[in-house]
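**Student:** Quick one: this structure, given as structure tokens, is what I'll be asking you about.
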Amino acid sequence: MFKEIPLERPQTPLLDSIDSPLALRQLEEEQLPQLARELREFLLFSVGKTGGHFGAGLGVVELTIALHYIYNTPDDRLVWDVGHQTYPHKILTGRREQMLSIRQLGGLAGFPKRDESPFDTFGVGHSSTSISAALGMALGAEQELALSEEGEGQQRKAVAIIGDGAMTAGMAFEALNHAAHTNTDMLVVLNDNNMSISKNVGGLATYFSRIWASKAYNQLREGSKKVLSKVPEVWEFARRTEEHMKGMVSPGTLFEELGFNYVGPIDGHDLPRLVHDLRNLREIKGPKLLHIVTQKGKGFAPAEQDPVGYHALNKIEVPSPGPSNIKPPKYQDVFGQWLCDAAAADPRLIGITPAMCEGSGMVKFAEDFPERFYDVAIAEQHAVTLAAGLACEQQKPVVAIYSTFLQRAYDQLVHDVALQNLDVTFAIDRAGLVGEDGPTHAGSFDLTFMRCIPNLIIAAPADENECRKLLHSAYQHQGPAAVRYPRGHGTGVEIETSLQTLPIGKGRELRQGKDNGIAILNFGTRLSAALEAAAELDASVCDMRWVKPLDEDLIMAMAESHQLLVTIEENAIAGGAGSGVSEFLQQQGLAIPILQLGLGDHYVDHGKPDQLLAQEGLDAAGILQACQYRWQQLKRSKRNLA
């Protein structure tokens, strides 16, 4: 048991000899527990140096070793769900010495990534996709085998590793249902680490699960199936007898009813047991589900005691002398405080989150207003339609959701909320670039995919005080409304504690240029960078506040008094706020040059937020350079026309 993060690289002689799973498979089984100890200690060390997700990884050390030991990876496909649990997988698949670069610019991704390693069979970031992907791979393997000469050879295997939280999503059950229907040869490993499915692993359950995973039992099971299937009534009786027996000692009845051969629950930290059961299950045909129980943060005492708090770890910094800088509050905490204040003022307010209570800043709301708080688990589609149903009953639901997760509920946003013009407020966190988590978590597209939806209004605050006011403005609006704000800390402005609203569809001019050359229309939190660039350019600057409806009067005033409009947004340029400005001016017949700055037509990789903003030209220097270049183009064009 480790009580502290090792600051120096630990001695890991056995781990250092493993450069690929092929080398792992050369070990004797008796060596695997030592490898697990070394792997766990190295994981603690590396995450302490870089920061990142590690609680889930500590919990699957033994499982990761056993899977790579039994399965012929990468030919056999391991599909990990979410990716928080894949650090041990990366370490064992030739990336051990690169772990100190994880989530840094140009370094390893924090999630599985197909172009990073052949062992990363499927890129993930959002949860609950693993069973669908693994099923597709298993079906593809069947097709490939059928096309080979006379169907000879051995079909490669596919394994989906999914957590109990991810299993709550509808997509996971859709995949389970289809897998059973196709009777495809695949394995689902259900990693139960929150005790939400099984409260304990009793001796009777352990005894029976050992029987169910044995070759003898499964040979008897398949033989009986062939014989008794000729007498349907007898076979049905035998099948249900087996299911009821399993149901008495395990939670597997549901999976058996779906058509899976269920084994478990077993101790996911018992390496010999894992190796034994996986070896047997690899040879059993058809859809199988192995239910293991693990402890999140296993082997690191603080994480075992507080698995939520130690879900991820910040880089361990050596304290510097002198007074510490007090950072402004995070935007998620600004939202959380507004939510509590608004709920105290309005008993109809209902808070909803799809499993992001801590990340969305809703912990205090959940404590103060438990009867009005709904964490619906990883079920974004349900969260949005639940809010729609509440709105039908004159309640005032607020859905706190990450931008990238709202993508998963787009149909519900369009059809269930906006089409019916229901009064639902969306607090959209993690809008724009999110830094080290990379493109799977970046909220790069929300302005684009929301702007085209009728009835929906959209706000983009420039700082934390404006965020609070725009949240309340959106909440008071009678209809669908969205406020999008970034990850991380605010700018440090004073936050007014009263519940104030701002006029919908109205921005403000913050700086007036002297030569009426360039006017910058800023949408969101790049305002400080825009003002810094404007000081060099002597440009006008407007804080637009609203992406929809646009402040058309302000845009017209800037267009009529300036020679170049520049729009800035931390969102895809294609279809974003700048596109809205351009569309409006075209409708008005105004042919003024427009420079749209934002995220280009590509996915932005992981790195520190400041690095990524500079890379995309959205820092002050990038804005200045782009404006100067376009201004020079305009001047040359005018000279050529003259």
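**Student:** Label the stretch 335-432 by shape, choosing from rounded, prolate and oblate, from the square roots a ≥ b ≥ c of the eigenvalues of the Cα gyration tensor; if a/c is under 1.5 it is rounded, and otherwise prolate applies when a/b is larger than b/c, oblate when it is not.
**Tutor:** Cα axes put the stretch 335-432 in the oblate bin.
**Student:** Next question, about the same structure. Using Stokes-Einstein with the Kirkwood hydrodynamic radius over Cα pairs, what translational diffusion coefficient do you get for the stretch 508-633 at 37 °C and a viscosity of 0.692 mPa s, in µm²/s rounded to a whole number?
**Tutor:** In µm²/s, the coefficient rounds to 227.
**Student:** Put a dot 7 Å past each Cα toward the Cβ at Glu367 and Ser561; how far apart are the dots in nm?
**Tutor:** About 4.9 nm separates the two model spin labels.
**Student:** Suppose the chain between Gln632 and Gln476 were pulled fully straight at 0.36 nm per residue; how much longer would it get relative to their current alpha carbon spacing?
**Tutor:** 51.6 nm
**Student:** Which whole-Hz ³J(HN,Hα) couplings does the stretch 475-488 yield from phi under the Karplus relation 6.51 cos²θ - 1.76 cosθ + 1.60, θ = phi - 60°, glycine and proline marked x?
**Tutor:** Result, ordered by residue: 5, 6, 5, 8, x, x, 8, 10, 10, 10, 9, x, 6, x Hz.
**Student:** Please give the Cα centre distance for the stretch 275-295 versus the stretch 18-53, rounded to the nearest Å.
**Tutor:** 22 Å
**Student:** Something else now. Can you tell me the order of 544-552, 363-371, 266-274, 29-37 when each peptide is scored by its average per-residue count of other Cβ atoms within 10 angstrom, highest first?
**Tutor:** Working: 544-552: 21.8, 363-371: 14.2, 266-274: 19.9, 29-37: 15.9.
Sorting 544-552, 363-371, 266-274, 29-37 by mean packing, highest first, produces 544-552, 266-274, 29-37, 363-371.
**Student:** Pairs Lys113/Lys288; Lys49/Lys157; Lys157/Lys298; Lys90/Lys364; Lys608/Lys638: which are spaced more than 31 Å apart, C-alpha to C-alpha?
**Tutor:** With Cα atoms farther than 31 Å apart: Lys49/Lys157; Lys90/Lys364; Lys608/Lys638.
**Student:** For Thr497 and Asp538, calculate 0.36 nm times their separation in residues minus their Cα-Cα distance, and state this gained length in nm to one decimal.
**Tutor:** 11.3 nm
**Student:** Go through the stretch 271-285 residue by residue and turn each phi into a ³J(HN,Hα) via Karplus (6.51, -1.76, 1.60, θ = phi - 60°); whole Hz please, and just put x for glycine and proline.
**Tutor:** Along the stretch 271-285, the couplings run 4, x, 5, 4, 4, 4, 5, 5, 4, 5, 5, 4, 8, 7, 7 Hz.
**Student:** By the gyration tensor of its Cα atoms, with a ≥ b ≥ c the square roots of the eigenvalues, what is the shape of the stretch 465-543: rounded for a/c under 1.5, prolate for a/b over b/c, or oblate? List each step's numbers first, then the result.
**Tutor:** On the way: a/c = 2.42, a/b = 1.79, b/c = 1.35.
Prolate is the answer for the stretch 465-543, as a/c is 1.5 or above and a/b outweighs b/c.
**Student:** Give the separation of the Cα centroids, the stretch 575-637 to the stretch 73-140, in Å.
**Tutor:** 34 Å
**Student:** Can you tell me which of 180-188, 588-596 comes out highest on packing, and rank the rest after it, using the mean Cβ neighbours within 10 Å?
**Tutor:** My ranking of the peptides, most packed first, is 180-188, 588-596.
**Student:** Could you work out how much longer the chain between Lys608 and Gln154 gets when fully extended? Use 0.36 nm per residue separation minus the Cα distance between them, nm to one decimal.
**Tutor:** Fully extending the segment from Lys608 to Gln154 adds 158.9 nm.
**Student:** Rounded, prolate or oblate: which fits the stretch 522-574 when a ≥ b ≥ c are the square roots of the eigenvalues of the alpha-carbon gyration tensor, with rounded for a/c under 1.5 and prolate only if a/b beats b/c?
**Tutor:** oblate
**Student:** Right, something else. Rounded to the nearest 0.05, what FRET efficiency is calculated for Asn640 and Ile592 with R0 set to 22 Å and r the Cβ-Cβ distance?
**Tutor:** Numbers: r = 18 Å, r/R0 = 0.84.
In this case the efficiency is close to 0.75.
**Student:** Next up: Can you list the HN-Hα couplings for the stretch 389-406, worked out from phi with the Karplus curve (6.51, -1.76, 1.60; θ = phi - 60°), rounded to whole Hz and with x for Gly and Pro?
**Tutor:** Working through the residues one at a time gives x, 4, 5, 5, 9, 6, 8, 10, x, 10, 9, 8, 8, 5, 3, 5, 7, 5 Hz.
**Student:** What FRET efficiency would be calculated for the residue pair Gln31, Ala146, taking the C-beta separation as r and a Förster radius of 45 Å, to the nearest 0.05?
**Tutor:** 0.70
Just so you know, all these numbers are worked out from the coordinates, no wet-lab data involved. As the structure is a prediction and not an experimental result, all values here were calculated from the model. For neighbour counting, all protein chains shown are included, and Cβ atoms are generated from backbone atoms with ideal geometry for every residue, glycine included.
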